[in-house]
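Structure, as structure tokens:
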């Protein structure tokens with residue numbers, strides 16, 4: 001019995017032969033060249049669809065030295081901040097003719113390195129990155145900067161000088177606002193649950209928070225400070241440790257809302273009254289912070305605004321290649337205190 005094999009992939013030459021026109025005419029018609037009549041363009045596109053032709057974007061990018069693709073590396077797509085950022089960035093870039101390839105590092109430095117290499121080999125027109133938690137060296141991005149491909153870090157950015165564009169939240173001010181607010185609420189014994197200080201956002205939030213306490217003559221109790229990945233499981237472990245001693249905190253500043261939500265759930269389980277006995281402050285304005293009871297006071301990072309600024313910078317640089325190596329000052333996105341029932 002003869003085996004049925006799929007048809008070989010059709011090329012521009014095959015379409016040209018079928019229509020009795022030149023390959024150049026077919027190419028121009030498929031690319032909507034105004035030199036080709038609308039009738040011919042329609043006929044060519046119909047024949048291409050009928051024959052199952054697929055445009056080879058890689059070959060086209062090699063010829064044109066542009067792919068119209070922007071690479072994006074995020075820590076985790078599931079994180080509220082980054083999911084909102086991705087949607088807003090795509091909505092700004094697509095009308096300008098750019099598509100987004102979204103990759104997640106899963107907060108692994110090794111995976112981030114591999115993704116950077118893959119996207120460089122894919123000839124993306126630009127790369128946007130929010131760094132993994134423990135990324136402290138940036139050599140895996142050197143290919144982009146060395147060859148004039150725009151590189152932009154957002155949110156989690158390098159903690160030391162590196163030749164790239166930077167768009168980041170005002171995390172120092174966010175920590176300062178959080179500290180000032182808890183002090184205004186007459187909190188004296190404040191616990192702090194942060195991400196690892198190798199990451200720029202937690203480093204700066206910590207600096208702002210400790211500055212606020214120092215202004216009020218308060219100091220962090222090192223036994224009440226935790227620096228780890230901000231998962232719900234880690235939060236519960238830290239909370240159990242916090243409330244195992246005789247002296248208890250009267251407030252908790254959590255550097256993300258996942259941890260703040262865990263603090264509310266823990267308090268409910270332990271019979272701790274919020275905000276009378278314990279005030280809780282989060283960070284990010286994750287939707288969960290507004291629907292849990294009591295709703296959590298937090299800091300809004302404005303991910304949509306950050307995405308719009310990133311898109312504006314990318315489009316500006318991509319349209320004017322002369323700017324590709326002119327790295328200007330960091331762009332800072334303001335943050336906002338959202339007061340709710342936990343304080």
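The values are calculated or read from the model by the stated rules, or taken from the named source; none is laboratory data. Everything numeric here is computed off the predicted structure, so don't read it as measured data. Don't worry about glycine lacking a Cβ; one is built from the backbone with ideal geometry, like all the others, and counts go over all protein chains shown.
Is it true that residue 83 is modelled with pLDDT of 95 or more and crowded, with 21+ Cβ neighbours inside 10 Å? Spell out the reasoning first.
Numbers: modelled with pLDDT of 95 or more: yes; crowded, with 21+ Cβ neighbours inside 10 Å: no.
No; evaluated as a whole, the condition is false for this residue.
Quick one: is residue 235 in contact (Cβ under 8 Å) with a residue 40 or more places away in the chain and either assigned to a helix (DSSP H, G or I) or not assigned by TED's automatic domain parsing to the domain that holds residue 268 (or both)? Break it down into steps so the answer makes sense when it comes.
Numbers: in contact (Cβ under 8 Å) with a residue 40 or more places away in the chain: yes; either assigned to a helix (DSSP H, G or I) or not assigned by TED's automatic domain parsing to the domain that holds residue 268 (or both): yes.
Answer is yes for this residue.
Specify the residue that is surrounded by the fewest Cβ atoms within 10 Å (Cβ to Cβ); the eligible residues are those in the range 62-75 that are more than 16 Å from residue 120 (Cα to Cα) and at pLDDT below 95.
It comes out as 63.
Quickly run through the range 120-142 and pick out the residues that are closer than 23 Å to residue 198 by Cβ and without any contact (Cβ under 8 Å) to a residue 60 or more places away in the chain.
Matches in the range 120-142: 127, 129, 130, 132, 137, 138, 139, 140, 141, 142.
Restricting attention to the range 116-137, report how many residues are surrounded by fewer than 22 Cβ atoms within 10 Å (Cβ to Cβ) and more than 16 Å from residue 202 (Cβ to Cβ).
Count: 8.
Which residues, taken from the range 263-282, are touching a strand residue (DSSP E or B) at 6+ places or on another chain (Cβ under 8 Å) and farther than 21 Å from residue 222 by Cβ? Give the derivation first.
Residues of the range 263-282 that are touching a strand residue (DSSP E or B) at 6+ places or on another chain (Cβ under 8 Å), as a first pass: 263-264, 267, 274, 278-282.
Those that are touching a strand residue (DSSP E or B) at 6+ places or on another chain (Cβ under 8 Å) and farther than 21 Å from residue 222 by Cβ: 264, 267, 274, 282.
Output yes when any residue across the range 133-142 is in contact with a strand residue (DSSP E or B) (Cβ under 8 Å, 6 or more places away or on another chain) and either at pLDDT below 95 or not assigned by TED's automatic domain parsing to the domain that holds residue 258 (or both), and no when none is.
Within the range 133-142, the first condition is being in contact with a strand residue (DSSP E or B) (Cβ under 8 Å, 6 or more places away or on another chain), and the residues that meet it are 141.
Next, only the ones that are either at pLDDT below 95 or not assigned by TED's automatic domain parsing to the domain that holds residue 258 (or both) stay: 141.
There is at least one residue in the range 133-142 that is in contact with a strand residue (DSSP E or B) (Cβ under 8 Å, 6 or more places away or on another chain) and either at pLDDT below 95 or not assigned by TED's automatic domain parsing to the domain that holds residue 258 (or both).
Of the conditions (1) in the same structural domain as residue 146 (by TED's automatic domain parsing); (2) surrounded by fewer than 13 Cβ atoms within 10 Å (Cβ to Cβ); (3) modelled with pLDDT under 95, residue 46 clears all except one; give me its number.
Every listed condition holds for residue 46 apart from (1).
Residues of the range 92-115 being in contact (Cβ under 8 Å) with a residue 60 or more places away in the chain and surrounded by fewer than 16 Cβ atoms within 10 Å (Cβ to Cβ), which ones?
96
Only one of these conditions is not met by residue 271: (1) touching a helix residue (DSSP H, G or I) at 6+ places or on another chain (Cβ under 9 Å); (2) modelled with pLDDT of 95 or more; (3) assigned by TED's automatic domain parsing to the domain that holds residue 191. Which number is it?
Answer for residue 271: the failing condition is (1).
What are the residues in the range 208-217 that are touching a helix residue (DSSP H, G or I) at 6+ places or on another chain (Cβ under 7 Å) and surrounded by 17 or more Cβ atoms within 10 Å (Cβ to Cβ), if any? Even if it seems obvious, please write down each step before you answer.
Narrowing the range 208-217 to residues touching a helix residue (DSSP H, G or I) at 6+ places or on another chain (Cβ under 7 Å): 208-209, 211-213, 216.
Listed by number, the residues that qualify are 208, 209, 212, 213.
For residues that are under 10 Å from residue 43 (Cβ atoms) and either in contact (Cβ under 8 Å) with a residue 60 or more places away in the chain or in a helix (DSSP H, G or I) (or both), tally how many sit in the range 16-25.
Pass one, the range 16-25, residues under 10 Å from residue 43 (Cβ atoms): 19, 21.
Right, trim to either in contact (Cβ under 8 Å) with a residue 60 or more places away in the chain or in a helix (DSSP H, G or I) (or both) and you get 19.
Number of matching residues: 1.
Looking at the range 157-169, can you tell me whether even one residue there is under 14 Å from residue 73 (Cβ atoms) and crowded, with 22+ Cβ neighbours inside 10 Å? Please lay out each step first, then the result.
Initially, the range 157-169 is screened for residues under 14 Å from residue 73 (Cβ atoms), giving 157-158, 164.
Still in the list and also crowded, with 22+ Cβ neighbours inside 10 Å: 157.
Yes, the conditions are met somewhere in the range 157-169.
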